[in-house]
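Read-outs: derived from the displayed coordinates by stated rules, not from any lab. Quantities reported herein were computed from a predicted structural model and do not represent experimental measurements. A quick note on method: Cβ atoms are made from the backbone with ideal geometry, for glycine too, and the neighbour counts reach across all protein chains shown.
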Amino acid sequence: LGSKLSVALRKMANHTVIDQEVLDAMLADICKALLQADVNVAQVKQLRTNVRTAVNFDNLASGINKRKLIESAIMTELCSMLDPGVKPYEPKKKRPNVIMFVGLQGAGKTTTCTKYAHLYKRKGWKVGLVCADTFRAGAFDQLKQNATKAKIPFYGSYTETDPSVIAGDGVAKFKDEGYEIIIVDTSGRHRQEGALFEEMEQIAAATEPDDVVFVMDSSIGQAAHDQARAFKEKVKVGSCIITKLDGHAKGGGALSAVAATQAPIIHIGTGEHIDDFEDFEVKAFVSRLLGKGNIAGLMERMKEADVDLEGAEMMKRLASGQWTLRDMREQFQAVMKMGPLSNIMNSFPGMQGLDFRESSQRIKRWMTIMDSMTDAELDDPKLMSAERVLRIARGSGYYPSEVIELLEQFKMMQSTMQKTMKKNKKLGKQTDMR
Ligand code: GDP
Ligand code: MG
């Protein structure tokens, strides 16, 4: 059988002895993954040092599960990097809360303003949008269109050229009319130009925002840190929102944004649609960063999309530890039927960072490969051997390495799903007892 698969399998098997060497190997793997996810180099180094300090083999009580200890040390470290130790601003009811949005052009400010407005409107707040972007032609039209679609009152001007005047007037008007959430959308330039920052400071002076939200495109990679710091130096950034976490973006820049602004992430943007907006969950985000895949979230979304999971034979077999290639094929089929909900495929372990086209191409390839498997192979993954892999490769017209890649994906999904099932079962039992 392909060496790649057996290496992966061996890695997955539990080490009986976990010592410094294993820790270093694990840390090396994880640091590599973090760097690939665009986490800042200095932060990765810091993490390595801190985990080494946290896991001291000389001082461990016997009987402690070292693997768990290492995993939780890494998890804790990443979570603390995402926690600046301050609470985000919480809007207060029955008074105006002015929220100013800042960020580079194309970061997703205007889109995110509407998502944010929509979220609060749904919760019953009185919300208004102010367009203080006079730099980009059509900026007001864009906000107007978004706001109208979401039925949110807006303010802007086609004639006034000073954005701080518009911002001041808009905020005053909404305040007079008893609005509770007043959102100020500002302009961004391509780079961090002096003029942009001056304008931003003037708008802040004119509106006296209760919170300044820094919006950052998650795909900017290692540039995240400097960019975030530049904004922080000019205005009182109190919260961050990371956008475009649905596409190629790997998300590591989020850690930089927090480190540079010392402000917590409050939401993430996961698509262009107004509802593609999620509360920021540190643990889920870190799991995603580490490539484990957010299986719990995946199941949630499939349920929402009316894919019957509970009743499915497949789930019963998974619970009993008999999940097969045939089940995986069924699941892929169900997902493919749902169309370009790229978010869902992106939740599969091993498929993060792929866009819809890439992940659907991959799934199609795997479906073709599975078509060349026999019923027995589909029902019993243990049957797989080198000869069978070669035969399936020839039959499907793909390389043996591509068949092995599919088998690796299967292994990864199987193990993640079993873990999730076990966790859900435990949670279920706990609630039953209450
Ligand atoms: P601004 O210049 O900062 O106001 O950015 P815009 O709000 O105009 O957004 C720029 C582009 O990014 C638009 O095409 C948006 O539809 C897109 N966009 C914004 N947020 C997201 C997101 O979370 N995911 C995706 N895929 N696209 C987004
Ligand atoms: Mg804009």
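Brief remarks follow.
- For the pair Leu69 and Glu330, the difference between a 0.36 nm per residue extended length and the Cα-Cα distance amounts to 90.3 nm.
- Taking 0.36 nm per residue of sequence separation and removing the Cα-Cα distance, the Ala28/Asp279 pair yields an extension gain of 87.3 nm.
- Percent RCO, i.e. relative contact order, over segment 97-289, from Cα pairs under 8 Å lying at least 6 residues apart: 25
- Histogram of C-alpha separations across segment 97-289, 5 Å bin width, %: 1, 8, 18, 22, 22, 16, 9, 3, 1, 0
- Between Ser401 and Thr161, the distance separating the two model label sites (each 7 Å from Cα on the Cα→Cβ line) works out to 5.9 nm.
- Centre separation in Å (Cα based) which lies between segment 145-222 and segment 97-131: 9
- Unsatisfied cross-links (Cα-Cα over 18 Å) in the set Lys109/Lys232; Lys109/Lys173; Lys94/Lys123: Lys109/Lys173
- Point-to-point label distance, Lys175-Glu90, nm (Cα→Cβ direction, 7 Å offset): 2.4
- When Ser157, Ser239 are arranged by Cβ crowding within 10 Å, least crowded first, meaning fewest neighbours, the order is Ser157, Ser239.
- Subtracting the Cα-Cα distance of Leu35 and Ser415 from their residue separation scaled by 0.36 nm leaves 134.3 nm.
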